[in-house]
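Each remark here refers to the structure printed beneath this line.
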Amino acid sequence: MKRATHFHGAGDWPADQAVGRVTLDFDNRHRRRVRLTTEDGMAFLLDLERAAVLRHGDGLQLEDGGWITVAAAAEDVIDVHGEGARETARLAWHLGNRHLPVQVLDDGGIRFRHDHVIEAMVRGLGGRTERKRAPFTPEDGAYAGNGGGHHHQNHHRHAHDH
């Protein structure tokens with residue numbers, strides 16, 4: 001069985017050399033060692049040195065030199081927006097106070113996994129909610145040690161200015 005022993009962040013690997021693609025929900029993108037199957041049926045073993053969060057667009061490097069693209073699966077999520085930045089920040093505080101994993105969206109909104117109780121709370125606080133199916137990639141925890149940037153498991157260190 002082929003083994004993927006390293007991964008590289010989106011843009012840091014030759015995506016045009018991908019020999020397959022694996023689509024995973026968020027829970028299945030936080031792994032160290034697991035048997036996976038690409039969309040076209042190729043089985044391989046993800047065998048990383050330590051557990052890592054794989055993100056959409058990351059590349060898994062196979063021992064034989066091939067690459068597998070990581071894709072984030074669509075999940076049931078709720079996007080939330082306040083009337084303005086202050087109201088959205090207030091909603092983020094309430095969600096964080098419940099230790100809920102959230103994703104901060106490019107438009108300033110907040111995404112969390114579908115939960116009708118939390119959705120009702122957010123609406124009660126004045127938030128506008130929209131249910132949808134979309135990839136979910138929550139923020140790394142404050143103590144994750146990577147500053148919210150991409151993870152890399154390779155033999156050199158480099159910084160990113162995101």
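The values are calculated or read from the model by the stated rules, or taken from the named source; none is laboratory data. Just so it is clear, the structure is predicted and the values come from calculations on it, not from any experiment. A quick note on method: Cβ atoms are made from the backbone with ideal geometry, for glycine too, and the neighbour counts reach across all protein chains shown.
When 4, 43, 52 are screened for being touching a His at 6+ places or on another chain (Cβ under 8 Å) and of a type in the set (A, V, I, L, M), only 52 passes. Just give me the residues in the stretch 104-162 being at pLDDT 95 or above, over 23 Å from residue 84 (Cβ atoms) and of a type in the set (Asp, Glu), in sequence order. Result: 115, single match. As a summary of the residue check, residue 89 satisfies the conditions (1) modelled with pLDDT under 95; (2) more than 30 Å from residue 38 (Cβ to Cβ) except for the one numbered (1).
The residue list 78, 68 contains one member that is crowded, with 16+ Cβ neighbours inside 10 Å, modelled with pLDDT of 95 or more, farther than 29 Å from residue 115 by Cα and in contact with a Ser or Thr (Cβ under 8 Å, 6 or more places away or on another chain), which is 68.
Against the conditions (1) without any contact (Cβ under 8 Å) to a residue 40 or more places away in the chain; (2) on the phi < 0 side of the Ramachandran plot; (3) loosely packed, with under 12 Cβ neighbours inside 10 Å, residue 41 satisfies every one except (2).
In the stretch 78-133, what residues are in contact with a Phe, Trp or Tyr (Cβ under 9 Å, 6 or more places away or on another chain) and either assigned by TED's automatic domain parsing to the domain that holds residue 26 or not in a strand (DSSP E or B) (or both)? Residues satisfying the conditions are 95, 100, 101, 102, 118, 119, 122. Looking across 100, 48, one residue alone is more than 30 Å from residue 127 (Cβ to Cβ) and either surrounded by fewer than 17 Cβ atoms within 10 Å (Cβ to Cβ) or touching a residue at least 60 places away in the same chain (Cβ under 8 Å) (or both). It is 48.
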